[in-house]
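**Q** Okay, here's the structure, questions in a sec.
Each reported figure results from applying straightforward, stated rules to the coordinates on display, with no laboratory input. None of these values were measured; they are calculated from a predicted model. A quick note on method: Cβ atoms are made from the backbone with ideal geometry, for glycine too, and the neighbour counts reach across all protein chains shown.
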């Protein structure tokens, strides 16, 4: 009953067949945060030049990973992503990363948004790890999805 | 003073030069967890066949991503990973993922362990998302590192 | 007359132009087998845990390679694969691998099915090579294709 | 006893730890063939220009795939391949592909040679499939390996 | 006013949203050249066998890179390229490379044609660098584009 | 006599065998430029935020491509790059890109420096192409190499 759709009746992994689905516009937003010491956070967030390239590096990493989600996640369909956007927010003791992905297609883009957030966070971790080894990545979750048969869904806080 | 080593004096991103470092044996362990509803957790963790392929899929995804860390994280050095191991633990309301990576080389393998954990968690998310859209990935952090100039470091809980 | 479609009039390699083709639903099935000593076959096929992860690893490898067929085979078009499924059969002195791929598009998916089978077989070889260096991969061939201008084709045994 | 080295005691897939191994020079040779109708074989093998680019395309595909073996085969170590060579032989009713790979390192290069042969054969299949859908890929096997703790091994026919 | 479309209002990099665009047939042609000493040029261009594989290698490299443009160029959309063709011309003191790419889709294929030319030129450089270290790659530019809202554009010399 | 080292006696492409070479420290620097209209150049180079992310995007693209040179250029050896650095200079009517790569190994890193420059230039082209379709990429060449049997070489202007 509560079967995983990525496994067939015998429990074998498979990529779900989406041939019969119709292509509708779909979007998904996700978020996550990386908690770190003030000096690491400041080094990443403050200072014109430094800010530019530290955040830009994480943003580009997240965008490029989102385009390759189907290569990273074994049972994800390869998708022709049509939009991807990543934003950073300074939350005092953490940097919040939010991503929104979109396309017109047969499957949702939740995994693209989640992957963009995860890889941007890993890149911030890589940036800051010489200053703070105790950083923790937290709260990676889906915020919203639109399109497809199941329509719009929003997380309730 | 608290400069990010991945940015040069002008704030430009760069891959740190490790040519002069000596190659020592290095290892790193990381962990993270994905919190989910009981029915999703049970579908992933229980049942011989299903368990095998759901966890195996996440494990393979994590192992393959660890080998490609240098492709995903812009300023990571490409490494010839010599070992990578990923374990799962059923924690009742979450699945814990732990990874240990190792090699003999000039740079540490923290990012390989962190990437393995992150992508294994994303794959579990992908597996369970049809059953539970409210899953949250939490607590991705480094547990331990050995080798290199800075020697052994362990997280303190 | 019997010209290779992947070479132009001068014999230069090219990716065939499929712009003018219409997108129809297409599928392809392929098979192959790996012949090995009984102890290697048994180690791969028998035992709950071991069976799960040995076959699962080969299955995931085949699925992931199928999605990247256009990266591996120089003149293949990059495709948005919509389904891929890989099965294993114990044939006593060999493991048979069969794959079925599908999508709605302008080109067939024969190469995706053939690549899935080949890489799954290579992964089984990698698994078993410490037990049997004389394993042989055999009989990789197309079983059936549907869709496109040429319609359905089935191998005759 | 006859345990698969790629699975741990619990049957979980892992990349074998080779940190403690010493780096020796290693090589491996493999072969395989693709059986096809005379007109397909002739189109691939005869004619200056055509021959050049059909075989060259398969050769380049095999070389490039050999370099990415660690990306394709889940539990293979990523290697810095130091040499790879691919040859074709016209056998009348088949094209034989042979590959030899080499490096100085901690693990063997059998999978690199086997992958080079497999992907070169798949590329020939892709080239000829419009002329002959009944082509069969056969006899992919290791011919010889040198180096490492187990030393030289040669197939016995 | 003269804003870069790849940056949002705040100057942050993004992949432009093309969801609302309609899919029309698009093509793009680009060129470039590599200037080299006569002996290097002759080694690459003359001689049946040598010519075949030197140019074929560059051609395959360009074709394969064109298919992966979205992986290389951070803000390019991943595309299902439908045609790509690369030609070489001996210009006496240089080899000219020209590429034409095409697809039916929502974004143009200029970057695919430019990337094909660039990587083919880099491969020729790699081929010839043991004979001539002073080779220079020059004049990589767009020649023509068709399709999309802006229609046909041709370079004026 | 003036044979291409990447082709064997029969003219077949191969990856040169470097097993017998010793690993010395090697570096390479390359440059290139993209000529464009003042409004495109200004949009890319001026303005704090915009400057940050436009150049940062090109820099990250170049760094990431350098790490994957062995995947892009068919006969290049896969290398464990130890350093890569990319700089931009505003030359009034052009942006100059310079890259320096380094590692301790058996082969030079000329192709890594050349690839970094080429892909950074392509990314700038992608950034500016909506403002100026007549941009031209020019003068991509090696500036200097050190290490290996042939020692230091510098371009003479």
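**Q** Report, as an integer, the average count of C-beta atoms from other chains found within 10 Å of each Cβ along F:85-92.
**A** Values: counts 7, 4, 4, 1, 0, 0, 0, 0.
Average per residue, whole number: 2.
**Q** Measuring from a point 7 Å out along Cα→Cβ, what nm distances, shortest first, does residue C:39 have to its partners in the other copies?
**A** 4.9, 5.0, 5.8, 5.8, 7.6
**Q** Using R₀ = 45 Å, calculate the FRET efficiency as 1/(1 + (r/R₀)^6) where r is the Cβ-Cβ separation of residue D:39 and residue B:93; round to 0.05. All intermediate terms of the calculation are to be shown ahead of the outcome.
**A** On the way: r = 64 Å, r/R0 = 1.42.
After rounding, the FRET efficiency stands at 0.10.
**Q** What percent of all Cα-Cα pairs in segment E:75-153 falls in each 5 Å bin, counting up from 0?
**A** 3, 14, 23, 21, 15, 10, 8, 4, 1, 0
**Q** So, R0 is 45 Å and r is the distance between the beta-carbons of residue E:130 and residue D:21; what FRET efficiency does that work out to, to 0.05?
**A** Details: r = 34 Å, r/R0 = 0.75.
It comes out at approximately 0.85.
**Q** Ranking E:91, C:138 by Cβ neighbours within 10 Å, fewest first, what do you get?
**A** Neighbour counts put them in this order, fewest first: E:91, C:138.
**Q** Could you identify which residue out of E:102, E:139, E:147 has the top mean-square fluctuation in a GNM of chain E using Cα springs shorter than 10 Å?
**A** E:139
**Q** Relative to the first principal axis of the alpha-carbon coordinates of chain D, what is the inclination of helix D:110-128, with its axis defined by its Cα atoms, in degrees from 0 to 90 and to the nearest 10?
**A** Orientation of helix D:110-128: about 20 degrees from the principal axis.
**Q** Which order do the peptides F:24-37, F:111-124 come out in when sorted by mean C-beta neighbours inside 10 angstrom, highest first?
**A** Ranked by mean Cβ neighbours within 10 Å, highest first: F:111-124, F:24-37.
**Q** Moving to a separate point now. Tell me the distances, shortest first, between residue F:154 and the same position across the other copies, using label points 7 Å along Cα→Cβ, in nm to one decimal.
**A** 4.7, 5.3, 5.3, 6.5, 7.4
**Q** Between residue F:89 and the same site in the other copies, what are the distances in nm, shortest first, taking label points 7 Å from Cα along the C-beta direction?
**A** 3.2, 4.4, 5.6, 5.6, 6.7
**Q** Between residue F:5 and residue A:150, what's the calculated FRET efficiency when r is the beta-carbon distance and R0 is 51 Å? Round to 0.05. Don't skip to the end; give the middle numbers.
**A** Working: r = 58 Å, r/R0 = 1.14.
Calculated value: 0.30.
**Q** Separate question: Starting from a Cα-only point model with no solvent, please compute log10 I(q)/I(0) by Debye for segment B:109-157 at q = 0.25, 0.29, 0.31 1/Å.
**A** -0.94, -1.09, -1.15
**Q** Convert 20 °C to kelvin, take the viscosity as 1.002 mPa s, use the Kirkwood radius over C-alpha pairs of the protein assembly as shown as Rh, and evaluate the Stokes-Einstein diffusion coefficient in µm²/s, rounded to a whole number. Show your work: numbers first, answer last.
**A** Working: Rh = 27.6 Å.
Translational D for this selection: 78 µm²/s.
**Q** If you take each beta carbon of peptide D:105-115 and count the beta carbons of other chains within 10 angstrom, what is the mean? List each step's numbers first, then the result.
**A** On the way: counts 2, 4, 2, 1, 0, 4, 5, 0, 0, 7, 6.
Mean partner shielding for this stretch: 3.
**Q** Return one number: the angle in degrees, 0 to 90 and rounded to the nearest 10, between the long axis of the Cα atoms of helix B:48-67 and the longest principal axis of the Cα atoms of chain B.
**A** Value to nearest ten degrees: 10.
**Q** Follow-up. Semi-axes of the equivalent ellipsoid for chain E, please: Cα gyration tensor eigenvalues, times 5, square-rooted, ordered largest first, whole Å. Could you put the intermediate results ahead of the total?
**A** Details: eigenvalues 207, 51, 40 Å².
Value: 32, 16, 14 Å, ordered largest first.
**Q** Sticking with this structure for a sec: Inside 10 Å of the C-beta atoms of D:18-27, what's the mean count of C-beta atoms belonging to other chains?
**A** Working: counts 7, 8, 4, 2, 0, 1, 0, 2, 1, 2.
Rounded to a whole number, the mean comes out at 3.
**Q** Could you quickly flag the chain A residue whose beta carbon comes closest to the rotation axis taking A to E, and that distance in whole angstrom?
**A** Closest to the rotation axis on chain A: A:80, 4.
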